[in-house]
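Presented below is the structure to which this report refers.
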Amino acid sequence: MSSYNIIGLMSGTSTDGLDIAYCNYTLSEEINWTYRVLATKFIPYTNEIKDRIHSASQSSAWELCLLHHELAKLWSAMINAFIAENDIQKSDVHAIASHGQTIFHRPELQITTQIGDGQVLATQTLLPVICDFRNKDVQHGGQGAPLVPIGDQLLFGSKSDAFINIGGFTNISIVGETVEAFDICPGNLPLNFLASKTGVPYDSHGKIAASGKLIPALLDKLNNIDFYHSTGPKSLGTEWLVEKIYPLLGEGEIKDELNTVVEHLAQQISKTIQEKSINQVYLTGGGTFNDYLVHRIKQLSTAEIIVPEKITIEFKEAIIFGFLAALYLENKNNCLSSVTGARADVRGGVHYSP
């Protein structure tokens, strides 16, 4: 039997803050993985950090280098405070698993970039760090995403037929004899983009969207974007949003555009559920708190939509990235080629010692 205590970090494309999940992962003699959540915390970013992350892809090389270093120092301070608050003994922690902050994701060019210097994290926290989980898969011809499906298979597989996470983007894992997974459509990012124009960071519970009216012409344009007609492993990045989604927005009232984008997301999600003949869907991610979006998904889909407890909704990705590090330490592959399209399964991650 193997057992690992790992601090998982998730800083997603929504850039709202850092999710921290300290978990124990145990591999039984029957080769079954289980996990226990020991402590969690969400720490929001300041507006300054959000702005720097949002503009990072357009920044100078020096500015990006500074952010790479300074984000790691910020996360280190957050982790050290989290450890102190929860009376965690560092000698009990096997590693920190850091997703990093994605700045560029162009797998067709074999490029994926997550910043947040792993060596700085290790040195500042005095703990081993495993990060840069995506790059090895990309260099083997894969999309480098999604990475969560192996956790859906090995940690959550008994809970549902399929798992949909609505974060900055929306992705699905379908668990069977093999695992199929891909990005379905955007998630919170375009909703937050529109909501910010009204002076709020996000549309709380989807109330603004619910008050708006559908714009049929905009919905048609969104649904006809070429991504939705492609097959095989596929993933989305912020560059795609800037190129394909944002240019379509800005001509109608904000509440109506929010209503239409929610409808677009709900239609794409429900269409995927129907096409894949899915009976049960386990829904997580920040978008799960958008009551109007979840309402429309339920209306358009015949599948049972399972909304788990709040801690799983909020921290599932951080929990699973910690699991990727447990697999790395167990010397097992943690990226599935059936999901990413890579030439083979790989053991992704880079290890930094304090």
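The values are calculated or read from the model by the stated rules, or taken from the named source; none is laboratory data. No experiment lies behind these values; they were computed from the predicted model shown. Because the Cβ atoms are built from the backbone with ideal geometry, glycine has one as well, and the counts that use them run over all protein chains shown.
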Inset, instruction - Looking for whichever is at pLDDT 90 or above, surrounded by fewer than 24 Cβ atoms within 10 Å (Cβ to Cβ) and within 24 Å of Thr272 (Cβ to Cβ) here; the options are Phe163, Phe156. Which one fits? - result: Phe156
Legend entry - Selection from region 211-259 of residues that are acidic (Asp, Glu) and either closer than 27 Å to Pro146 by Cβ or in contact (Cβ under 8 Å) with a residue 40 or more places away in the chain (or both): Asp226, Glu239, Glu243, Glu253, Asp256, Glu257
Inset, instruction - Please tell me if Tyr4 is surrounded by 17 or more Cβ atoms within 10 Å (Cβ to Cβ) and in contact with a helix residue (DSSP H, G or I) (Cβ under 7 Å, 6 or more places away or on another chain). - result: yes
Inset, instruction - Six or more apart or on different chains, Cβ under 7 Å: which pairs go from a residue in region 63-90 that's within 13 Å of Ala122 (Cα to Cα) and in the same structural domain as Leu127 (by TED's automatic domain parsing) to one that's polar (S, T, N, Q) and assigned to a helix (DSSP H, G or I)? Could you list them? - result: Lys73/Gln124; Ser76/Gln124; Ser76/Thr125; Ile79/Thr125; Asn80/Thr125
Legend entry - Among the residues listed as Gly167, Gly141, Gly199, Gly176, the single one being under 22 Å from Gly349 (Cβ atoms) and over 18 Å from the mean Cα position of the chain (by Cα): Gly141
Inset, instruction - Might you check whether a residue that is aliphatic (A, V, I, L, M) and in contact with a Pro (Cβ under 8 Å, 6 or more places away or on another chain) occurs anywhere in region 329-352? - result: yes
Legend entry - Failed condition for Phe323, given (1) touching a Phe, Trp or Tyr at 6+ places or on another chain (Cβ under 8 Å); (2) closer than 19 Å to His105 by Cβ: (2)
Inset, instruction - Would you confirm whether any residue within region 245-266 is of a type in the set (Ser, Thr, Tyr) and either modelled with pLDDT under 95 or not in a helix (DSSP H, G or I) (or both)? - result: no
Inset, instruction - Quick one: count up the residues across region 46-93 that are in a loop (DSSP other than H, G, I, E, B) and either touching a Phe, Trp or Tyr at 6+ places or on another chain (Cβ under 8 Å) or surrounded by 19 or more Cβ atoms within 10 Å (Cβ to Cβ) (or both). - result: 3
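To keep it simple, each residue is scored yes or no on (1) buried (at least 16 other Cβ atoms within 10 Å of the Cβ); (2) in contact with a Lys or Arg (Cβ under 8 Å, 6 or more places away or on another chain).
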| site | (1), (2) |
| --- | --- |
| Leu249 | yes, no |
| Val261 | yes, no |
| Lys271 | yes, no |
| Glu275 | no, no |
| Tyr282 | yes, yes |
